[in-house]
Structure formats: structure tokens, C-alpha cells
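The values are calculated or read from the model by the stated rules, or taken from the named source; none is laboratory data. No experiment lies behind these values; they were computed from the predicted model shown. In this analysis, Cβ positions are derived from the backbone assuming ideal geometry, glycine residues included, and neighbour counts consider all displayed protein chains. Keep in mind that these areas ignore ligands, DNA and RNA; they rest on the heavy atoms of the full protein, side chains included. Shrake-Rupley method; radii C 1.70, N 1.55, O 1.52, S 1.80 Å.
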Amino acid sequence: MASIFQFKEFAVDQSDCAMKINTDAVLLASLVHVESSERILDIGTGTGVIALMLAQRCADSEVIAVEIDPAAAKRAAINFRNSNFGDRMVLHACSFQDFTDTGSFDFIISNPPFYTDSLHNPDARKKLARHTDLQFFNELLTFAADKLQVDGQLALIVPKLLADELKDIAETLDLCLKEEIQIRSFEGDAIIRKIIVFQKAYRGVSTVSDFIIYEAKGVYSEMYKTALRPYFLAF
């Protein structure tokens, strides 16, 4: 039972998944503006938690997910089927590079591998899930530019320095920054993650906001509680 994370409207069994549910994933899924999307694609779904949270939020949306790790893909597919949203969810056990769906998407989302040029991870499956280089992101952004609807959006959560690099790459593909959420552990701390949202051919002004996780040690902030209240039993 310890491997099962119970949410208000679904449960996620994390057995056999190299990467477990984490703060990055739940913040990304709860903070992006995705409600008007008819077709959503979650790249690297892992346990399926992001896809499930978006399926809960978007009652009329089709949510499609891809996962390259066979064991995680199998578990995510089970989690989808066991949810109340299973009839609107599809799992493809492949990389996004091998994804063969010919349709386009209103929203593409990913909590991607981001330890670029970092130390090797001794766990082979965690290495697959978390180690990559900028070539991966070039391919991801190019894929998104091709698969998004005319006004479709791509949302990622990554470390600050990587976010700055990705903005430069995205600009060359006419994926323009629409929104940036700067995530900090405590008020006044350094930025630990950025949620960056690109929109195809967007010509408006991008917005920047701050998100604070804790108001004190061991005490979640009100903004964190508000963001996760629709999902977490604790709130």
C-alpha cells in the first residue's frame, strides 16, 4: 500500500516506476492554464500523475501520454484505467520521437529529464528518466512546434539556467514565451525551478510570477495549498 498515492479523485500506484510523484510534477499540472484544451499530450508521463491531474481538471479533454520506460508505461496505463477518466486517456509506450499519432494538440506538457551534462546516475532507469543533454530539448521543442495547433501551448518545468537556454531555442522555432512562473522554496530564496509556457506564434507580452512553496519550515504556503487543494487529501 505504501506505493499508492491517494488523491481526492484518483489514486496513483507508483510500483515499478523509477521516478516517483514529486513536487515538480504536481506544481506543473496544477499551475498551468489548460482548461480550454481539447487534446492534451503529456510527454514522459512516468506514473501518469500529470495526465491524471489534467484529466480531472479538463472534463471534456482527451489526454494522451507517452512514456519510454516499459515498466512505468505499464503502470501508468493501469492507473489510467483505474481512474474515473480512463475513457478519455490513452497511453503510448514509446518515446515522443517514435510517437505516431498524426493529430495535433492544444496543449503539450512535460516534466522532462533535465540533468544536462551532470554526473552519471548509477541507477540505469533513473538515468534514462533524468539524464539528457540539449539535443533532447532541441528535439522536444521541434516536436512541439510541429504538433501544436496554431495557438497551442507547451509547458515545461525545469531549473532556472536550463529555462533560459530553452527560451533561446524556442524562439528559433516561433515558440514564444507566454508565461513564466518562478518557483522558490521560501520567500527571498533563489529560484529552484521555472515553469515556462510557450505559445506558437504568440506576439503578446509574457507574464512573470513568483510561487512560494513554504511559509515556514514544514509549513506549506497558502498559494501551495490553494494550488493543490483540488487534488490532495491533506488540503
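Quick notes on this one:
Residue by residue, here is whether (1) open to solvent by 60 Å² or more (accessible area, probe 1.4 Å); (2) out of contact with any Gly (no Cβ under 7 Å at 6 or more places or on another chain); (3) farther than 25 Å from residue 57 by Cα holds:
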{"position": "145", "(1), (2), (3)": "no, yes, no"}
{"position": "190", "(1), (2), (3)": "yes, yes, yes"}
{"position": "209", "(1), (2), (3)": "no, yes, no"}
{"position": "233", "(1), (2), (3)": "yes, yes, no"}
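- Taking first residues from the stretch 210-235 that are farther than 15 Å from residue 6 by Cβ and assigned to a strand (DSSP E or B) and partners that are at pLDDT 95 or above and of a type in the set (Val, Ile, Thr), the Cβ contacts under 9 Å between residues at least 6 apart in sequence or on separate chains come to 210/181; 210/183; 210/191; 211/181; 211/183; 211/195; 212/183; 220/213.
- Residue in the stretch 157-168 that is buried (at least 17 other Cβ atoms within 10 Å of the Cβ) and touching a Pro at 6+ places or on another chain (Cβ under 9 Å) present: yes
- Residue 87 falls short on exactly one of the conditions (1) open to solvent by less than 40 Å² (accessible area, probe 1.4 Å); (2) of a type in the set (Asp, Glu); (3) within 25 Å of residue 3 (Cα to Cα), and that condition is (1).
- In the stretch 103-124, the residue that is surrounded by the fewest Cβ atoms within 10 Å (Cβ to Cβ) out of those that are at pLDDT below 90 and of a type in the set (Ser, Thr, Tyr) is 118.
- The single residue among 194, 178, 217, 200 that is open to solvent by less than 60 Å² (accessible area, probe 1.4 Å), among the basic types (Lys, Arg) and out of contact with any Leu (no Cβ under 8 Å at 6 or more places or on another chain) turns out to be 194.
- The combined condition, being over 12 Å from the mean Cα position of the chain (by Cα) and farther than 25 Å from residue 146 by Cβ, is not fulfilled by residue 49.
- The residues in the stretch 59-84 that are of a type in the set (Lys, Arg) and surrounded by fewer than 22 Cβ atoms within 10 Å (Cβ to Cβ) can be counted, and the count is 2.
- Selection within the stretch 19-53 - of a type in the set (Ser, Thr, Tyr), buried (at least 24 other Cβ atoms within 10 Å of the Cβ) and touching a residue at least 60 places away in the same chain (Cβ under 8 Å): 37
- Within the stretch 77-103, the set of residues being touching a residue at least 40 places away in the same chain (Cβ under 8 Å) and either touching a Pro at 6+ places or on another chain (Cβ under 6 Å) or part of a helix (DSSP H, G or I) (or both) comprises 78, 79, 96, 97.
- Condition check for residue 56: open to solvent by less than 50 Å² (accessible area, probe 1.4 Å) and either farther than 19 Å from residue 106 by Cα or of a type in the set (D, E, K, R) (or both): no
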